[in-house]
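Engineer: For reference, the structure I am asking about is given below.
The values are calculated or read from the model by the stated rules, or taken from the named source; none is laboratory data. Keep in mind it's a predicted model, so treat the numbers as computed, not measured. Cβ sites come from the backbone with ideal geometry, for glycine too, and all protein chains shown count toward neighbours. With ligands, DNA and RNA removed, areas are computed over all heavy atoms of the protein, side chains included. Shrake-Rupley method; radii C 1.70, N 1.55, O 1.52, S 1.80 Å.
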Amino acid sequence: MTQPSAPIAAIAASLQRERKRVGLSLAEVARRAGIAKSTLSQLESGTGNPSVETLWALSVTLDVPFAQLVEPARPSVQLIRAGEGPRFASDRADYVATLLASCPPNARRDLYLIMAQVGEPRRSDPHSPGVVEHVVLAAGRAMVGPIDEPVELHPGDYISSPGDLPHTFEALEPDTSAVLVSEHF
């Protein structure tokens, strides 16, 4: 699978804006997120290519929903056709999350389309406190949920689980897909 490209300009502008909002230096945000200062500098200058893990770490550090870092401004009517939209690949698993809709101001949820292949599972570090993930499996089979208690899902199955604990998504069949709603409290 080829690595999809992220909306680099939107990420650069969002990272700069959010880092200034919280009043932290480049070095301090990088330290808290557990990434290299040079990586954050590249991202803020629009020359980096972040993994989903890097962006999640930054969203937790900056206390903003993931989508707020990656989504460019959108028109009042939005259509995302299959295969389009900002896509983020895991650097640890054959797992791609496509942002379909982020929260409007004063709302607290983001919507993703997940495409995953059999192989290394996507293991996620805890997100911000209070985050809950809702997953509806669309195709294939997958083990989803807390790392220590994943549940096997089949097409049409739904699970809600804490996103603020270590959790996993493991495709058990080729071309497994799901819709994920990340709810922020």
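Engineer: Taking H as built 1.01 Å from N, whose amide H comes closer than 5 Å to the amide H of residue 120, not counting residues under 5 places away?
Structural biologist: The answer is 94.
Engineer: Grab the Cα-Cα distance for residue 136 and residue 158, subtract it from 0.36 nm times how many residues apart they are, and report the gain in nm with one decimal.
Structural biologist: Working: separation 22, 0.36 × 22 = 7.92 nm, distance 0.44 nm.
Using 0.36 nm per residue and subtracting the Cα-Cα distance, I get 7.5 nm.
Engineer: Oh, and also: Which percent of the Cα-Cα distances in segment 96-164 go past 17 Å? Don't jump to the answer; show the numbers that get you there.
Structural biologist: Values: 1111 of 2346 pairs.
Across segment 96-164, Cα pairs with separations above 17 Å total 47 percent.
Engineer: Something else about it: To the nearest µm²/s, what D does Stokes-Einstein give for segment 6-67 at 25 °C and 0.890 mPa s, using the Kirkwood radius over alpha carbon pairs as Rh?
Structural biologist: Numbers: Rh = 11.1 Å.
Translational diffusion coefficient: 221 µm²/s.
Engineer: Here is a further query. On the protein heavy atoms, probe 1.4 angstrom, tell me the percent of accessible surface of the chain carried by carbon and sulfur. Mind dumping the intermediate values first?
Structural biologist: Working: 4820 of 9080 Å².
Percent of accessible area from carbon and sulfur atoms in the chain: 53.
Engineer: With bins 10 Å wide starting at 0, give me the P(r) of the chain over every alpha carbon pair, in whole percents.
Structural biologist: Result, from short to long distances: 10, 38, 37, 14, 1 percent.
Engineer: Excluding residue 109 itself, calculate the net charge of residues whose Cβ lies under 12 Å from the Cβ of residue 109, where each Lys or Arg counts +1 and each Asp or Glu counts -1. Please list the in-between numbers first.
Structural biologist: On the way: positive: 108; negative: 110, 133, 183.
Neighbour charge sum, excluding residue 109 itself: -2.
Engineer: In square nanometres, what is one fourth of the surface area of the convex hull spanned by the alpha carbons of segment 135-181? Mind showing how you got there, number by number?
Structural biologist: Values: hull surface 11.2 nm².
Taking a quarter of the hull surface, the average projection is 2.8 nm².
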